[in-house]
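What follows is a short report on a single structure.
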Amino acid sequence: MSMIFGVPLAVLSGQLLIGIINGAFYALLSLGLAVIFGLLKIINFAHGAMYMLGAMATVLMFDYLGVNYWAALLLAPLLVGAFGVAIEYFLLRRIAGQDHIYSLLLTFGVALIISGVLVNWFGVSGLRYTMPDVFKGGVNLGFMFMPYYRAWVIVAALVVCFATWFVIEKTKLGAYLRAGTEDSELMQGFGINVPLLISLTYGFGVALAAFAGVLAAPIYSVTPVMGSATLITVFAVVVIGGMGSIGGAIITGILMGVIEGLTKTFYPPASSAVIFLVMVLVLMFRPSGLFGKEA
């Protein structure tokens, strides 16, 4: 059996695959956070709850309405995104222009309310979502077994991440978004409805989290508290990449997933803390993050 630094190649490859899958989720979730903070300057502590709502919506739509996986990939992000638009319009707009701590506290409260309500309804034991038939099984690569669904998660996450980066950084719509948040009065003078643009941007950011939730539903147990632990890790990823850096969120998310997977292989006790260790080191030597702009 082939060995690398005393570790069987199959074991190392398996952990790398798990790391890349986790990195794909980290990239999607941190991308949504980066969009919301980078364009709107809102610290969205409800992001984990939106991820959870995407997964819960997928399960409930299937159980009660018979909505299949492919429809859920579109409907769940749209529903959660619409809910996000309502949160921005009725709550966050009231504290626009205030210190970042206000948005953090408000969205944290929203997350607690959402989780509390759903825990009362469904408990914390978790709901299961059956793997779509088309993704059952996998392919033997010789050195490891690649499940079809895991491969799909990686591809889907990377496509959505790249498309989001391209729209925001390379298109006229992205230019409007950036300009509207920098000088809203000027953009309104050109006939751009900036408040609507802000609401839709927030909705899109949380829709990315919901999309990650749909991808997670067939893999993980779906519970009302599934977003809580993930949120802290994703915030650490965003800080490492640079708050508000769209490309940094994507690259850092995947990189941290791989580092976490490698750590599980070579020194498992440190795997749960390695991302936070990296965050501390980055904050010590480059406070703006790896891809953030210096103030």
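The values are calculated or read from the model by the stated rules, or taken from the named source; none is laboratory data. Bear in mind the structure is a predicted one, so any value in this text is a computation, not a measurement. Because the Cβ atoms are built from the backbone with ideal geometry, glycine has one as well, and the counts that use them run over all protein chains shown. Ligands, DNA and RNA are stripped out before the accessible areas are found, and what is left, the full protein with its side chains, is counted by its heavy atoms. Shrake-Rupley method; radii C 1.70, N 1.55, O 1.52, S 1.80 Å.
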**Item:** Boolean, Ile240 is part of a helix (DSSP H, G or I), of a type in the set (A, V, I, L, M), within 19 Å of Phe37 (Cα to Cα) and free of Cβ contacts under 8 Å to residues at least 60 places away in the same chain
**Value:** yes
**Item:** Meets criteria (in contact (Cβ under 8 Å) with a residue 12 or more places away in the chain, within 26 Å of Val222 (Cβ to Cβ), open to solvent by 20 Å² or more (accessible area, probe 1.4 Å) and not aromatic (Phe, Trp, Tyr)) for Ile36
**Value:** no
**Asked** Do we find a residue being exposed (fewer than 15 other Cβ atoms within 10 Å of the Cβ) and of a type in the set (Gly, Ala, Ser) anywhere in region 106-113?
**Response** yes
**Message:** For the list (1) crowded, with 20+ Cβ neighbours inside 10 Å; (2) farther than 22 Å from Val225 by Cβ, I need the number of the one condition that Phe45 fails.
**Reply:** (2)
**Prompt:** Do the conditions hold for Ala229, that is, is it surrounded by 21 or more Cβ atoms within 10 Å (Cβ to Cβ) and not acidic (Asp, Glu)?
**Reply:** no
**Request:** Kindly indicate whether any position in region 115-130 is in contact with a helix residue (DSSP H, G or I) (Cβ under 8 Å, 6 or more places away or on another chain), open to solvent by less than 40 Å² (accessible area, probe 1.4 Å), farther than 19 Å from Tyr51 by Cβ and in a loop (DSSP other than H, G, I, E, B).
**Result:** no
**Message:** Among the numbered criteria (1) among the β-branched types (Val, Ile, Thr); (2) open to solvent by 30 Å² or more (accessible area, probe 1.4 Å); (3) closer than 22 Å to Val159 by Cα, which one does Val237 miss?
**Reply:** (2)
**Fill in**
When restricted to Gly248, Gly289, the only residue open to solvent by less than 10 Å² (accessible area, probe 1.4 Å), part of a loop (DSSP other than H, G, I, E, B) and at pLDDT 90 or above is Gly289
**Prompt:** Of all residues in region 131-148 being aromatic (Phe, Trp, Tyr) and closer than 13 Å to Gly14 by Cβ, which is most open to solvent (accessible area, probe 1.4 Å)?
**Reply:** Phe145
**Prompt:** What helices (runs of 4 or more DSSP H), lying completely within region 4-104, carry at least 3 residues that are farther than 29 Å from Val134 by Cβ and at pLDDT below 90?
**Reply:** 9-40
**Asked** When you go through (1) in contact (Cβ under 8 Å) with a residue 24 or more places away in the chain; (2) open to solvent by 10 Å² or more (accessible area, probe 1.4 Å); (3) among the polar types (S, T, N, Q) one by one for Thr263, which number turns out not to apply?
**Response** (1)
**Fill in**
From the option list Phe83, Phe90, Phe62, single residue qualifying as open to solvent by 20 Å² or more (accessible area, probe 1.4 Å) and without any contact (Cβ under 8 Å) to a residue 60 or more places away in the chain is Phe90
**Request:** Quick one: which residue in Asp133, Asp99 is of a type in the set (Asp, Glu) and closer than 20 Å to Pro218 by Cα?
**Result:** Asp133
**Asked** Of the residues Val278, Val258, which single one is outside any loop (DSSP other than H, G, I, E, B), free of Cβ contacts under 8 Å to residues at least 60 places away in the same chain and open to solvent by 20 Å² or more (accessible area, probe 1.4 Å)?
**Response** Val278
**Request:** Report yes if Pro218 is open to solvent by less than 20 Å² (accessible area, probe 1.4 Å), over 24 Å from Trp70 (Cβ atoms) and in a loop (DSSP other than H, G, I, E, B), otherwise no.
**Result:** no
**Asked** Here are Leu208, Leu200: which of them is open to solvent by 50 Å² or more (accessible area, probe 1.4 Å) and at pLDDT 90 or above?
**Response** Leu200
